[in-house]
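Here the structure is laid out as structure tokens; the discussion comes afterwards.
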Amino acid sequence: MLLKEERKIVYDAAQALVKGGWVTGTWGNVSFCNRERELVAITPSGLPYEDMTPEDVVVVDLEGKLVEGAWKPSSETPMHTMFYREREDIAAVVHTHSTYATAMSVLNQPIPPVIAELALGVGGSVPVAPFARVGTEELGRNALQAMGNYQAVLLQNHGVVTVGKDMGRALNLAAIVEDAARVYIIARSIGVPTLVPEEDIQELFELFKGYGQEKK
Ligand SMILES: [Zn+2]
């Protein structure tokens with residue numbers, strides 16, 4: 001079986017999304033890229049995460065073509081593979097419909113840096129990519145453009161995408177983005193939120209880059 005290890009990583013991440021309450025039904029998808037082999041392990045389309053096994057995770061190439069697996073790959077495969085083609089610095093993509101972040105995407109408003117953690121991975125506000133239909137190349141392109149060189153983006157009227165050089169980081173960021181959106185919305189319901197000062201955001205972002213160093 002191809003990418004056994006990567007399939008397990010994707011499976012574990014999918015279970016974490018369910019546990020976190022960040023996906024509803026079969027919506028949301030996760031992938032992990034093996035850069036050496038230029039193959040991607042990705043969640044299958046339409047299969048509830050609760051019923052999934054690591055073997056159900058499918059393998060596609062960088063163009064999204066099915067290489068191995070019993071199921072159709074996620075409907076958002078074009079977006080995932082576009083990220084791997086265009087962003088060589090990443091190996092994991094997490095897409096959720098977590099409630100508060102999606103609420104911000106419906107307002108078409110970036111999530112401002114209201115908590116320090118957001119500065120760590122995002123370097124400021126989480127931007128909103130313009131609306132595009134589910135499963136299209138356009139969705140991927142808009143997301144990629146709006147994200148720039150950072151690691152998180154909202155998809156207008158849809159959800160969130162986070163990326164990372166490993167799955168832990170992409171998942172962690174998905175949690176942070178949702179948390180920041182929740183805090184922001186609650187704070188705004190009774191007043192005007194204060195933002196983390198700009199100079200601290202930059203400092204935290206630089207710190208996080210170093211913090212994530214791999215062991216040599
Ligand atoms: Zn989606």
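The values are calculated or read from the model by the stated rules, or taken from the named source; none is laboratory data. It should be emphasised that the depicted structure is a prediction, and the values quoted were computed from it without experimental measurement. Neighbour counts run over all protein chains shown; Cβ positions are idealised from the backbone, glycine included.
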Problem set entry | Subset of region 76-123 that is in a helix (DSSP H, G or I), crowded, with 19+ Cβ neighbours inside 10 Å and of a type in the set (S, T, N, Q) - its residue that is farthest from the ligand (Cβ to nearest atom) | 81
Exercise. Inside region 65-75, can you point out the residues that are within 16 Å of the ligand (Cβ to nearest atom) and surrounded by 14 or more Cβ atoms within 10 Å (Cβ to Cβ)?
Worked result: 73, 74, 75
Exercise. Do the conditions hold for residue 157, that is, is it buried (at least 18 other Cβ atoms within 10 Å of the Cβ) and within 15 Å of the ligand (Cβ to nearest atom)?
Worked result: no
Problem set entry | Cβ pairs under 6 Å, 6+ apart, first in region 51-78 and over 21 Å from residue 5 (Cβ atoms), second in a loop (DSSP other than H, G, I, E, B) and at pLDDT 95 or above | 78/64
Exercise. Which one of 23, 59, 40 is within 13 Å of the ligand (Cβ to nearest atom) and in contact with a helix residue (DSSP H, G or I) (Cβ under 8 Å, 6 or more places away or on another chain)?
Worked result: 23
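So which residues in region 127-148 are part of a loop (DSSP other than H, G, I, E, B), more than 21 Å from residue 13 (Cβ to Cβ) and in contact (Cβ under 8 Å) with a residue 40 or more places away in the chain, if there are any at all?
136
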Exercise. Looking at residue 13, is it out of contact with any Leu (no Cβ under 9 Å at 6 or more places or on another chain), at pLDDT 95 or above, within 16 Å of the ligand (Cβ to nearest atom) and small (Gly, Ala, Ser)?
Worked result: no
